[in-house]
Amino acid sequence: MSNQFKAGDLALIVGSNFPGSPNIGKSVELVGFYKTGDDLITPDGTEVEFCGGQAAWLCEGQGLMARDMNDAWVYQGGITFCNERYLMPLRGDFAPEQQKAKEAA
């Protein structure tokens, strides 16, 4: 995990493995980091085994969509998985470089 995210952090989805993802540009709360074989509990209380091809963060946010077995976008309670490389941290100390430069001047 290159950005040292932790559960509870806020992030912005900035990309996707799936072109045209409706989640790009949405802010999310990171729930947990999962890799293949990990067990997780879905929002409805069902225990399942994560079987994604790559490790990913379970994200929660308003209007998030997930991909189903038929590669269709579906609403599953505002949760989805996202690879860390497509997450930008939204921490209190985060500011674009131009903003930091203006504040330093």
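The values are calculated or read from the model by the stated rules, or taken from the named source; none is laboratory data. Since we're looking at a predicted model, the values are computed, not measured. Counting neighbours? That spans all protein chains shown, and the Cβs are built from the backbone with ideal geometry, glycine included.
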Inset, instruction - Being at pLDDT below 75 and loosely packed, with under 10 Cβ neighbours inside 10 Å is the filter; apply it to segment 33-50 and report the residue that is farthest from Leu10 (Cα to Cα). - result: Thr46
Legend entry - Residue tally, condition closer than 19 Å to Met65 by Cα and in a loop (DSSP other than H, G, I, E, B), over segment 3-25: 12
Inset, instruction - From (1) buried (at least 16 other Cβ atoms within 10 Å of the Cβ); (2) modelled with pLDDT of 80 or more; (3) under 19 Å from Gly78 (Cα atoms), pick out the condition that doesn't hold for Gly8. - result: (1)
Inset, instruction - For residues that are modelled with pLDDT under 90 and either of a type in the set (Ser, Thr, Tyr) or surrounded by 10 or more Cβ atoms within 10 Å (Cβ to Cβ) (or both), tally how many sit in segment 82-101. - result: 6
